[in-house]
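Below is one structure, written out as structure tokens, with a few remarks after it.
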Amino acid sequence: MSAVPTAAQIRQSFLDFFKEKQHTIVPSDNVGYTSRDGARIFTNAGMNQFVPIFLGERSADVDTWPGVLHKGLPTRAADTQKCIRAGGKHNDLEDVGLDTYHHTLFEMLGNWSFGDYFKKEAISWAWELVIERWKFPPTRVFATIYQPGKGDPAERDQEAWDIWAEKFRSIGLDPDIHIVNGNKKDNFWMMGDTGPCGPCTEIHIDLTPGAPNLDEDRQRAGALLVNGSDASCIEIWNNVFIQYNANPDGSFVPLPAQHVDTGMGFERVCSIIQGTKNFTDFETAKISNYDTDVFKPIFDELTKLSGKTYASTLPKANEQGHVVPVTEQ
Ligand code: SER
């Protein structure tokens, strides 16, 4: 991609990539559904509709699902899922309106393996798409892997570390800088307090101003920004290795098979690719989900209707820590 792609082209590029890897492309599920315990809840991740397959209650048969957009293997799926994170274990409400990269409704691009490929392919394809196809500057890319604390489930994900290390070394980057350990909160993904879960590896991008590629001192500084809840370094993609079912009694029982469940923040990727004009300008880049063509046509119409212009401002906390509306600052 040399011209700056539109959001529609970025979405399609993700789906086409996984089509090439024999994935069946399924439609987004509804954003509201009835959970296994009968509660009406919002879809909080792309994996929600696949839970019966992960648990071994249904065979991997996605190629026969109604509305399939492209028929690939029954054991591989990809889609873009509309998600709402407004409550429960993954609640973004506290951040919406206060930063540039959380919303109530967002699209999650994802790929899944149902007892088919596992860590090696998932990480290699993540690298291929992000670094080789989309051309994110690799010196700004950081991967996190699971390092459990005392009493946490599962083991350190050395396998994921080794696969990432080979990738970073292959282009002369130091894996000790570019692979960061993460704790249970950040690197052991659970859809809720119960259900399919497992260690995960995330991709984070350093967005601090400067040249597209960073020297080694800047790379070391970038690693310290990972998981810092700051817009200067954000997560774009989570690859979960689903291996356990979390039970209400707090136990983690191995599942009959191992699966892959990934989720990429579509609007975040658009904000980085479009904001940096296809990675050519990190110096003056305005990187915000709201400054992409996902939202711009809506804001343009609101501008027309209201006669007010959209100024891309964020509210700030005052000395008491309360959020001050922009107009009162
Ligand atoms: N389920 C994982 C997440 O939501 C990966 O898709 O982050």
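So here's what we get for this one:
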read-out	value
Sulfur and carbon atoms: percent of accessible area, the stretch 56-106 [1.4 Å]	54
Candidates Arg85, Arg76, Arg40: whichever shows maximal mean-square fluctuation once the chain is modelled as a Gaussian network with Cα springs under 10 Å	Arg40
Gain on full stretching of the segment that runs from Asp29 to Leu93 - 0.36 nm per residue minus C-alpha separation	20.9 nm
In nm, spacing of pseudo-spin labels at Asp281 and Asp162 (7 Å Cα→C-beta vector)	4.5
Entries in Lys19/Lys82; Lys184/Lys296; Lys89/Lys304 that, when Cα-Cα distance is taken, lie over 27 Å	Lys184/Lys296; Lys89/Lys304
Calculated P(r) tail over 19 Å for the stretch 180-329, as whole % of Cα pairs	67
Rg/Rg_ref, the chain, where Rg_ref = 2.2 N^0.38 Å and atoms are Cα	1.00
Exposure ranking of Leu255, Leu105 by accessible area [1.4 Å probe, largest first]	Leu105, Leu255
With DNA, RNA and ligands ignored, accessible area of His259 (1.4 Å probe; Å², nearest 10)	10
Per residue value of the accessible surface for the chain (all protein chains in place, 1.4 Å probe), Å²	47
Pairs of Cα atoms farther than 13 Å apart, the stretch 1-52, %	69
Accessible area in the full protein assembly, largest first, 1.4 Å probe, for Tyr310, Tyr290	Tyr310, Tyr290
Tensor-based shape of the stretch 1-102 (alpha-carbon gyration tensor, a/c under 1.5 rounded, otherwise prolate or oblate)	oblate
Separation in nanometres of the label points that stand 7 Å from Cα toward Cβ, at Arg36 and Ser2	5.1
Centre separation in Å (Cα based) which lies between the stretch 245-319 and the stretch 1-72	19
Cα-based Rg of the stretch 119-249 normalised by 2.2 N^0.38 Å, two decimals	1.06
Solvent accessible area, Å² - Ser124, 1.4 Å probe, full protein context	20
For the stretch 158-233 versus the stretch 114-136, the gap between their alpha-carbon centres in whole angstrom	15
Carbon/sulfur fraction of accessible area - the stretch 156-238, other protein chains in place, 1.4 Å, %	46
Cα-centred dipole magnitude for the chain, charges only on beta-carbon of K, R (+1) and D, E (-1), debye, nearest 20	520
Accessible area, probe 1.4 Å, largest first, for residues Thr144, Thr284, Thr194	Thr284, Thr194, Thr144
Fluctuation leader among Ala223, Ala246, Ala39 - the chain, Gaussian network, Cα springs under 10 angstrom	Ala39
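The values are calculated or read from the model by the stated rules, or taken from the named source; none is laboratory data. These numbers come from a predicted model, not from an experiment. We place every Cβ from the backbone using ideal geometry, glycine too, and count neighbours over all the protein chains shown. SASA here: full protein model, heavy atoms, side chains in, ligands and nucleic acids out. Shrake-Rupley method; radii C 1.70, N 1.55, O 1.52, S 1.80 Å.
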